[in-house]
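Note sheet for the following structure.
The values are calculated or read from the model by the stated rules, or taken from the named source; none is laboratory data. It should be emphasised that the depicted structure is a prediction, and the values quoted were computed from it without experimental measurement. Cβ placement follows ideal geometry from the backbone for every residue including glycine, while neighbour counts extend to all protein chains displayed.
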Amino acid sequence: MLDLRAEFAAIEEEVRAAIEEVLASQQFILGPQNSAFEQELAQYCGRRFGIGVASGTDALMLALRACGVSGADEVIVPAFTFVATAGAVSALGARPVFADSHADTLNIDPESVESRITPRTKAIVAVHLYGLGANLESLLELAVHHNLALIEDNAQSLGGTYLGRKLGSFGEVAATSFYPSKNLGAFGDGGMVVTDSEPLTARLKKLRNHGQSGRYVSSEPGWNSRLDELQAAVLRVKLRHLDAWIAARRKHAARYTERFASFAGVRTPAAPAGYEHSYYLYTLRISSNGPKAGAANMASRCDRVAHHLSERGIASSVFYPVPLHLQPLYAALGGKPGDLPVAERAAHEVLSLPLYPTMTAEQIDRVADAVIEALQSQTGVTRSPGTTKSR
């Protein structure tokens, strides 16, 4: 799905120099590299402050806690996302409430969110899925109208934009992840919260460091969740290359899209007007054989494409095969099939293909050729009349 060795080879000299600087300083926790990276990433996101933490999950959990979420509260989250989004809510003893996806973007649907707001609702988490932003304008209107915190889960979409502004610059706070596979990935785990609020920044800095307001003086329970200096140093190097890497991802995505454009029943990722996609993932949506085809049939068609790719030594992956309201973890909340039809259908239709900055045109075409072979071997997915294969 990605080639981290090729990425490292292109920046190895810079990275080794940055690591040597940390080794020479012998400062490994909450030192100058972390402080500098916090400022640089906040500026990149159009924010005033950044707070480095140990992981993207911690970034979400600390953001929720700083916004006042506690055990008596409900937090509305999308059903179609990674379990960490809801897990951060559960870790605070609060109740995740699952909303459906928008049919066009697969991001959280504001209409579904609005129908789930209750007096116990404390916050909305907007996940920017696969590199594409959620409908922040509508979500902000709901948050303001109902006095809720809007928290952006920007783990997958750093560098994307909405209405000319970087994702991560809209909500009260935004959380991101530096897991190695991300567009901006560390050499291990890491995360950050960005915000414009001085009070939230002060509280987040306490919460990440055992609740300490001074040396060995804790004012509230906290965590040990700090982005270490080695990771910050590596990420500072990578941040300088991020926009060029995203530009390469967009170029590769456009080539994929051109190759698949003529196939009925195959939907390629695209950014609606006002959005810029950062293409953390290039995800096809392979529809059913007909309007009445069942979920099992949809799943089998994606499975057949994935199997065909695997036979040719090509990776693919499904993000995410089980919506959160149907996860065993949340069975006690009473979710059942049919509750959130868009999210459930998406889980059976999506297939992500390899995409990373150092891919070559030949590699992209090899993947595309294999996908097209698999599609042409299946009934119900045909090339539109009058089109030719684009190379």
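What number of residues within the stretch 228-251 are part of a helix (DSSP H, G or I) and either of a type in the set (A, V, I, L, M) or more than 19 Å from the chain's Cα centre (by Cα) (or both)?
Adding up the residues that qualify gives 16.
Read through the list (1) among the small types (G, A, S); (2) surrounded by 24 or more Cβ atoms within 10 Å (Cβ to Cβ); (3) touching a Leu at 6+ places or on another chain (Cβ under 6 Å), then give the number of the only condition that A186 fails.
The one condition A186 does not meet is (2).
Out of the residues in the stretch 320-341 that are crowded, with 18+ Cβ neighbours inside 10 Å and under 19 Å from the mean Cα position of the chain (by Cα), which is farthest from L375 (Cα to Cα)?
Selected residue: H325.
Looking only at residues that are touching a His at 6+ places or on another chain (Cβ under 8 Å) and of a type in the set (G, A, S) in the stretch 113-135, which one is surrounded by the most Cβ atoms within 10 Å (Cβ to Cβ)?
A134
Do the conditions hold for G93, that is, is it crowded, with 19+ Cβ neighbours inside 10 Å and either of a type outside the set (V, I, T) or at pLDDT below 95 (or both)?
no
For the stretch 142-172, which residues satisfy the criterion of being assigned to a helix (DSSP H, G or I), in contact (Cβ under 8 Å) with a residue 12 or more places away in the chain and surrounded by fewer than 22 Cβ atoms within 10 Å (Cβ to Cβ)?
Matches in the stretch 142-172: L142 only.
Within the stretch 5-19, does at least one residue satisfy the condition of being surrounded by 23 or more Cβ atoms within 10 Å (Cβ to Cβ), in contact (Cβ under 8 Å) with a residue 24 or more places away in the chain and closer than 22 Å to A155 by Cα?
no
If you check every pair at least six apart or on different chains, which have Cβ atoms under 7 Å apart with a residue in the stretch 51-71 that is farther than 13 Å from G87 by Cβ first and a residue that is surrounded by fewer than 24 Cβ atoms within 10 Å (Cβ to Cβ) and acidic (D, E) second?
I51/E38; G52/E38; A54/D189; C67/E172
How about the stretch 349-362: which of its residues are in contact (Cβ under 8 Å) with a residue 60 or more places away in the chain, part of a helix (DSSP H, G or I) and not aliphatic (A, V, I, L, M)?
E349, the sole residue that qualifies.
Does A270 qualify as being modelled with pLDDT of 95 or more and either surrounded by fewer than 18 Cβ atoms within 10 Å (Cβ to Cβ) or assigned by TED's automatic domain parsing to the domain that holds L158 (or both)?
So A270 fails the test.
Please tell me if G31 is small (G, A, S), modelled with pLDDT of 95 or more and buried (at least 21 other Cβ atoms within 10 Å of the Cβ).
In short, no.
Restricting to the stretch 208-238, give me the number of residues that are surrounded by 15 or more Cβ atoms within 10 Å (Cβ to Cβ) and at positive phi.
2
Scan (1) surrounded by 16 or more Cβ atoms within 10 Å (Cβ to Cβ); (2) at pLDDT 95 or above for the single condition F263 breaks and write down its number.
Among (1) surrounded by 16 or more Cβ atoms within 10 Å (Cβ to Cβ); (2) at pLDDT 95 or above, F263 violates only (2).
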